[in-house]
Amino acid sequence: MSSNQLRILVSGDVEGQFDQLFSRVNNIQKKSGTFDMLICVGEFFGEKNNEWEAYASGKSKVPLPVLLLGPSNSENVSHFKDVKGGELCHNVTYLGKKGIYTGSSGLQIAYLSGKESVIISDETSFNNVDISALTEPVKNDTKFKGVDILITSQWPKGVEKYGTAVEGFESESVGSEAIAQLSLALRPRYHFCGLEGVHYERQPYRNHKVLAEGARHVTRFIALAKVGNQKKSKYLYAFNVVPLCQMEQSELVSQPQDVTECPYKSKSFQGQQKDSMEQQFFYDMKSGGGEKRRQGEGGQDRQNKKHKPIPTGPCWFCLGSPEVEKHLVVSVGEQTYLALAKGGLVPDHILILPIGHYQSSVTAPDEVMNEIDKFKKALKKCFKKQGKAVVFFERNFKTQHLQIQAVPVPADSAQEVKDMFTECAEAEGIEINEIPVHSDIKQIVQMGVPYFYAELPLGEKMYCRIQASQKFPLQFGREVVASPGILNMPERVDWKVCSVSKAQEQTHAADFKTMFKKNSADDILAEDKFPSMQRVNT
C-alpha cells in the first residue's frame with residue numbers, strides 16, 4: 001500500500017444507533033487494521049439518542065476520528081452547539097453547514113448539510129446562495145482539478161441517468177438539482193449521500209466531454225442505507241484513496257471499463273433543452289391525416305401552437321406530412337415510429353424516426369431518444385432470433401430529419417464490422433474515431449455540428465465529425481454495411497438502384513410486421529414499457 005494512501009470509512013444515517021455503528025467499526029479495524037477516519041452522511045441523530053450521553057461524557061470511546069454533516073430535520077438542531085461547526089465530543093467533529101475541509105494529507109472534502117430550499121437557508125436547508133459560496137471560488141480557477149470527496153445529506157437529482165437503475169427508487173422525486181450542479185462544478189472523485197435509506201453504487205461517470213476536452217478523473221457516486229436497517233442493506237463503505245494533489249496526472253485520469261457519461265447537464269444547457277422539450281408533439285394515426293397535437297398539462301392534449309418545429313421544406317419523414325409513404329410505416333409509438341427504408345439494402349432494412357421534426361439525435365429531447373432506445377432493443381432481440389445482428393447509423397449532414405438506419409447483418413460478421421468501418425473510412429479519407437461504450441452522443445457533439453455516428457453489434461460506437469470543407473460520401477453507412485466483409489453486396493450502395501414496386505414494398509412491410517410482432521414486440525414493447533405502441537394497418 002502506498003504511504004500516501006488514506007483508509008476511510010463512510011456511514012449512512014446513524015439516527016442515534018451509535019453503539020451499533022462503533023461496534024461494527026471496532027470489529028472491522030480488528031480484522032483489517034486501523035482506518036484514518038469515519039465520515040457520516042445523512043442524519044447523525046435520531047428520535048432516540050440515549051446512547052449519546054456515554055460518548056459525550058467520555059464514558060464510551062469513539063474508536064476513530066469522525067466527521068459528520070449537520071441536521072436535515074429541525075428536531076435534531078438542538079444537538080449541534082454551533083451552526084458553524086465544531087467538536088461534539090472527543091473524536092466527533094461536526095463540519096458545519098457548508099465548506100471544503102482540507103486535511104494535513106492534502107485530502108479535500110467538500111460538504112453541504114441539509115435539504116434544498118427555494119428561498120430560505122437555515123440550519124436544516126440550503127439554497128443557491130450556499131451553492132454559489134462553494135462553486136464561485138473555483139469557477140474560473142484554471143488550476144482547479146476537483147475535490148477528493150463530496151458529502152451531501154440529499155441526493156443529486158437524476159444521478160441514475162446512464163447508470164444502473166435503483167430498484168423501486170427514483171432520485172427525480174427527492175433529489176436536488178442544486179446538488180447536481182454542485183457536483184458538476186466541484187468534480188469530486190467520490191460523492192456520498194444518505195437520507196433515503198437506499199444503498200446505491202453507481203458506475204463511475206466521466207467529468208469531461210470525449211474528443212472535445214482533455215481527460216479528467218471520474219466520479220464515483222455512493223448512497224448508503226441507514227445503520228441497523230431491517231433489510232440489511234449496506235450502510236458502511238470502506239475505501240482507500242490517495243489525495244488528488246499527490247497523484248500523477250496519468251493515474252488520476254485513468255478511465256475504468258464501465259465509465260459512463262456524466263448524468264448531469266449544466267443550467268445553461270438545460271435552458272436550451274427546455275425549449276426543445278416544448279417542441280414535442282405526437283400524431284394520431286387513426287385520424288388518417290396525421291393530426292399534430294401536443295401533450296398538455298394534466299395529461300390532456302392541446303394544439304401545439306408554440307415553438308412548433310417547422311421543416312425548411314417538404315419533409316418525407318414527418319409522419320403528418322402528405323409526402324410520407326405510409327405503406328412503409330410498420331410500427332408507431334408516442335414519439336417515434338418504424339418504417340421500411342426506401343430502397344433498403346435488404347428487405348428488413350429499417351428506419352427509426354421521430355414523429356415530430358427533429359434534425360438529429362443531438363437536438364431531439366430525452367423522451368424521443370428514450371423511445372428510440374426501446375426500439376433499438378426490440379430490433380436487436382427480433383433479429384437475434386433470426387441469427388442476425390444489427391448495425392445502427394445516423395448521418396446528420398445534408399438531411400433535415402433525424403433518421404437512424406437499422407440494418408440486419410449475419411451474426412457471424414459482427415466481428416468484422418468495426419474493421420470494415422475503419423477500412424472504408426481510410427479509403428474515403430475520413431477520420432472516424434471509436435468513442436467509449438457508455439458515451440452519449442449529446443455529450444460529445446454540440447448542436448449544429450454535422451456528424452456521422454454508428455452503433456455496432458458488439459457494442460462499439462464510432463463517431464466522425466464532418467468538416468465543412470470535407471466531401472463526405474452521403475452513402476458511407478450503406479457502403480460499409482454492403483462491403484464484402486459484411487453483406488457483400490457493393491452493387492446496392494446507392495438506394496436508388498434498390499427501389500422496388502409499391503406492391504413489393506407493401507409485401508415487405510407486412511412480412512416485417514408479422515416477424516417483428518412474433519419475435520420482439522410481445523415482450524420488449526409490452527404495454528407497461530411502451531404503452532402507446534400500436535401496429536399500423538395499411
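Sum up the charges of everything whose Cβ sits under 10 Å from the Cβ of residue 201, counting Lys and Arg as +1 and Asp and Glu as -1, but leave residue 201 out. It would help to have the intermediate numbers written out before the result.
Details: positive: 202, 220, 234; negative: none.
Spelling it out: positives minus negatives among the neighbours equals +3.
Order 187, 478 by their accessible area, 1.4 angstrom probe, all chains in place, largest first.
Final ranking, largest accessible area leading: 187, 478.
Could you give the size of the charge dipole of segment 361-463 about its Cα centre, using +1 on the Cβ of each K and R and -1 on the Cβ of each D and E, expressed in debye and rounded to the nearest 20? Please list the in-between numbers first.
Numbers: 13 positive and 16 negative charges, 119 e Å.
It works out to roughly 580 debye.
Which shape class applies to the chain: rounded if a/c is under 1.5, otherwise prolate when a/b exceeds b/c and oblate if not, where a ≥ b ≥ c are the square roots of the Cα gyration tensor eigenvalues? Because a/c hits 1.5 or more and a/b exceeds b/c, the chain counts as prolate. Angle check, please: helix 502-516 long axis (alpha carbons) against the longest principal axis of the chain (alpha carbons), in degrees 0 to 90, nearest 10. The two axes meet at around 30 degrees. Karplus-based coupling profile of segment 171-186, in residue order and whole Hz: 6, 4, 8, 10, x, 10, 5, 5, 5, 4, 5, 5, 5, 4, 6, 8, with θ = phi - 60° in 6.51 cos²θ - 1.76 cosθ + 1.60 and x standing for Gly or Pro. Determine the shape class of segment 64-201: with a ≥ b ≥ c the square roots of the Cα gyration tensor eigenvalues, call it rounded for a/c under 1.5, and otherwise prolate if a/b is greater than b/c, oblate otherwise. Rounded shape, in that the Cα axes give a/c under 1.5. Heavy-atom accessible area for residue 325, with the other protein chains in place and a 1.4 Å probe, reaches approximately 60 Å².
Straight Cα distances below 19 angstrom link residue 502 to the lysines 326, 342, 513, with same-chain residues fewer than 8 positions distant left out.
Quick one: of the DSSP bridges fully inside segment 82-233, what percent are antiparallel, nearest 5? List each step's numbers first, then the result.
Working: 12 of 26 bridges.
Antiparallel: roughly 45 percent of the beta bridges in segment 82-233.
Please report the antiparallel percentage of the DSSP beta bridges confined to the chain, to the nearest 5.
Counting DSSP beta bridges with both partners in the chain, the antiparallel share is about 70 percent.
May I ask you to list the aspartates and glutamates whose Cα is less than 18 Å away from that of residue 496, ignoring any residue fewer than eight positions away on the same chain? The qualifying aspartates and glutamates are 323, 325, 348, 479, 505.
Rounded, prolate or oblate: pick one for segment 386-465, where a ≥ b ≥ c are the square roots of the eigenvalues of its C-alpha gyration tensor, a/c under 1.5 means rounded, and failing that, prolate if a/b is larger than b/c, else oblate. Present the calculation step by step, with values, prior to reporting the outcome.
On the way: a/c = 1.67, a/b = 1.46, b/c = 1.14.
Prolate shape, in that a/c is at least 1.5 and a/b is the bigger ratio.
Projecting label points 7 angstrom from Cα along Cα→Cβ for residue 500 and residue 83 puts them 7.4 nm apart.
What is the local net charge at residue 502, summed over the other residues whose Cβ is closer than 13 Å to its Cβ (Lys, Arg +1; Asp, Glu -1)? Kindly include the intermediate steps, with their values, before the conclusion.
On the way: positive: 326, 342; negative: 325, 505.
Local charge sum for residue 502: 0.
Among the protein heavy atoms, those of residue 260 account for about 0 Å² of accessible surface (1.4 Å probe, every chain in place).
When you count the other C-beta atoms within 10 angstrom of each residue and take the mean per peptide, 374-381, 194-201, 333-340, 456-463 line up highest first as 333-340, 194-201, 374-381, 456-463. Helix 267-277 and the longest principal axis of the Cα set of the chain meet at an angle near 40°.
Estimated from helices alone, the mean residue ellipticity of the chain at 222 nm is -6500 deg cm²/dmol (sum of -39500 (n - 2.57) over DSSP H runs with n ≥ 4, per residue).
Residues whose amide H falls under 5 Å from that of residue 262, counting only those 5 or more places apart or on a different chain, are 206, with hydrogens built in the peptide plane.
Here is the short version for the chain: 40, 89, 193, 245, 262, 382, 424, 464, 498 have no other Cys C-beta closer than 4.7 Å.
Lys-Lys pairs in segment 122-259 that are eight or more residues apart or on separate chains and whose Cα atoms lie under 24 Å of each other come to 13.
Charges were assigned to the Cβ only: +1 to each Lys and Arg, -1 to each Asp and Glu. The resulting dipole of the chain about its Cα centre is roughly 360 debye.
In this rough spin-label picture, where each label sits 7 Å from Cα along the Cβ direction, the residue 5-residue 248 distance is 1.6 nm. Excluding same-chain neighbours fewer than eight residues apart, the aspartates and glutamates reachable from residue 376 by a Cα-Cα span under 12 Å are 455.
The values are calculated or read from the model by the stated rules, or taken from the named source; none is laboratory data. Just so you know, these numbers come straight off a predicted model, no measurement behind them. Backbone-built Cβ (ideal geometry, glycine too); neighbour counts: all protein chains shown. Surface areas here come from the heavy atoms of the whole protein model, side chains and all, with no ligands, DNA or RNA. Shrake-Rupley method; radii C 1.70, N 1.55, O 1.52, S 1.80 Å.
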